[in-house]
Structure formats: structure tokens, C-alpha cells
Amino acid sequence: MAPKDAWEANAVDWIRWVRTPDHDSYWHFNRAAFFELVPKPGRATLDVGCGEGRVARDLTTLGHRVEAIDISATLIESAKAADPSGHYLRGDAAALPFADHAFDVAVAFNSLMDVDDMPGAVREIARVLEPGGRLCLSVTHPINDAGSFTGDEPDAPFVIEGSYFDRRPFRGTFERDGLSMTFEGWAYPLQEYGKGLEAAGFLIEAIREPRPGPEALAKLPGYSKWQRVPMFLHLRAIRP
């Protein structure tokens, strides 16, 4: 199943997963670290791969004028229901239905690893950003995608089997606190994201590898091992 079809097939599970209080890492450390990279509100902000709309809603609260897009019809309808005054469209990240230079900020929060044409999506984001516009993205860290812990203990070894390099399909089902979610997408080495940004004309301004702090670990103690190995990668790039 292609990632875009998998997200539609698992949309209901995803909505439960992200809207259950204190369940997802977004609420405990990933959101705060990501928004430190996002510029102040400007003319217009694009949310690429908005899912059920949590990032778009947070951006709106911060004063951004947001246009949001996702390939999943179910997730778009859920986003509209949660934010009736918002602007949510169903569409392909590699064929954005917006004019050139329509935005000064774009965000892609944990979505570029789920599109079938990551370099094409980055090119499209560059096209719709004005000169000087910035793209802020979060992806599953390439190291995280390449391996796994051998156990749940805080000091469990992290093992990479096979090759870290090249694009590889990813599929995994995770269960916690009675909820289950199947993720499907692509795993890339870091250089492939770099190549995609480079080919689209972006220059990287900032790189972050957020770690869960004491408050996050108090809610999600099982995340302690992610203090040793990065779970997410955050980037901010500028279109010169």
C-alpha cells in the first residue's frame, strides 16, 4: 500500500492517537522544540501534510494565517470539523494548488517521509514560497528509521541492521495504553533530505535534534531511551 493510501486507511486510528490527552510525543517535547524554529507570523503560512490539523490549529493560535493541505480525505474532514473557520484542502504535496510565491512560511511537520515524491514536494514548497521565505520541517530522525532498540530498558542497545543508506519503505504498528497505530512511509538517510533541499534551492539555516526532558519523561517514562538516540530531526531552510 502506498503511504498516501495507508494514511487514509489508518486515519481514524491516527485521530484517536493524536487527540488522546498526553498520549503523543507532540504534546510533551516535539511541538515546543519545533515551534522554536518557526518564524513569526507573516503574510501567509502553508501547512503541508496537515493531517487532522493540530499544527495548523497551533499556528493559528500563534497568529499565523494558515492554508493547510493533506492527501487524506478523512483527515481533512476531521481538521475542518475541529476548526470550522480554518482553510483545509485535500491535495498532493508534489502538486500544490497554490500560486508561485503565495507564502512566506511553510511547515511540513512529520509529513515529508510519508509522501511518495519527497524531492518533488520540496520543489513545490520552494515554488510557492516567496524569495526569503522559510520552510520548517520535522521528520522521523534518519537514525531512528535505520534501527531499533533491542528492549524497553533505558540502556537497551540501539542496533542498525542492514544499510542506513538509500530510500527504504517503512511500516510499523505501535501499541500503547490501549491505542494502536500503523505508520507507513519512507526512510531516508540524512543526505537525501539535504539533496532534496539543495535541488530546490534551499539553504539550511538551523538543525535540531530534540530530546525529551524531565517533564516529558514524567508523563512518558518509556521515552527515556530517546535521550540517547534522536527520535526526530528538525530543520529550518530559507529560499534565497
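The values are calculated or read from the model by the stated rules, or taken from the named source; none is laboratory data. Values in this document were obtained by computation on a predicted structure and should not be read as measured data. A quick note on method: Cβ atoms are made from the backbone with ideal geometry, for glycine too, and the neighbour counts reach across all protein chains shown.
For this structure, a couple of remarks:
- Selected residue (criterion: surrounded by the fewest Cβ atoms within 10 Å (Cβ to Cβ)) from residues of region 159-173 that are within 16 Å of Met118 (Cα to Cα) and touching a helix residue (DSSP H, G or I) at 6+ places or on another chain (Cβ under 7 Å): Arg167
- Hits in region 188-240 - residues which are among the small types (Gly, Ala, Ser), outside any helix (DSSP H, G or I) and modelled with pLDDT of 95 or more: Ala200, Gly201, Ala206, Ala237
- Failed item, numbered, when Asp145 is tested on (1) touching a helix residue (DSSP H, G or I) at 6+ places or on another chain (Cβ under 6 Å); (2) of a type in the set (D, E, K, R); (3) within 30 Å of Arg211 (Cβ to Cβ): (1)
- Extreme residue, surrounded by the most Cβ atoms within 10 Å (Cβ to Cβ), among residues of region 174-186 that are out of contact with any Pro (no Cβ under 7 Å at 6 or more places or on another chain) and within 16 Å of Met113 (Cα to Cα): Phe183
- Scanning region 26-52 for residues that are assigned to a loop (DSSP other than H, G, I, E, B) and under 12 Å from the mean Cα position of the chain (by Cα) gives Gly49, Cys50, Gly51.
- Cβ pairs under 6 Å, 6+ apart, first in region 29-45 and aliphatic (A, V, I, L, M), second surrounded by 18 or more Cβ atoms within 10 Å (Cβ to Cβ): Ala33/Pro210; Leu37/Cys136; Leu37/His234; Leu37/Arg236; Val38/Cys136; Ala44/Phe103
- Of the strands (runs of 3 or more DSSP E) entirely within region 108-183, those holding at least 1 residues that are charged (D, E, K, R) occupy 129-140, 168-176.
- Search result, residues across region 132-185 that are in contact (Cβ under 8 Å) with a residue 60 or more places away in the chain and among the hydroxyl-bearing types (Ser, Thr, Tyr): Ser138, Thr140, Ser180, Thr182
- Positions within region 53-93 being outside any loop (DSSP other than H, G, I, E, B), touching a residue at least 60 places away in the same chain (Cβ under 8 Å) and aliphatic (A, V, I, L, M), in sequence order: Ala73, Leu75
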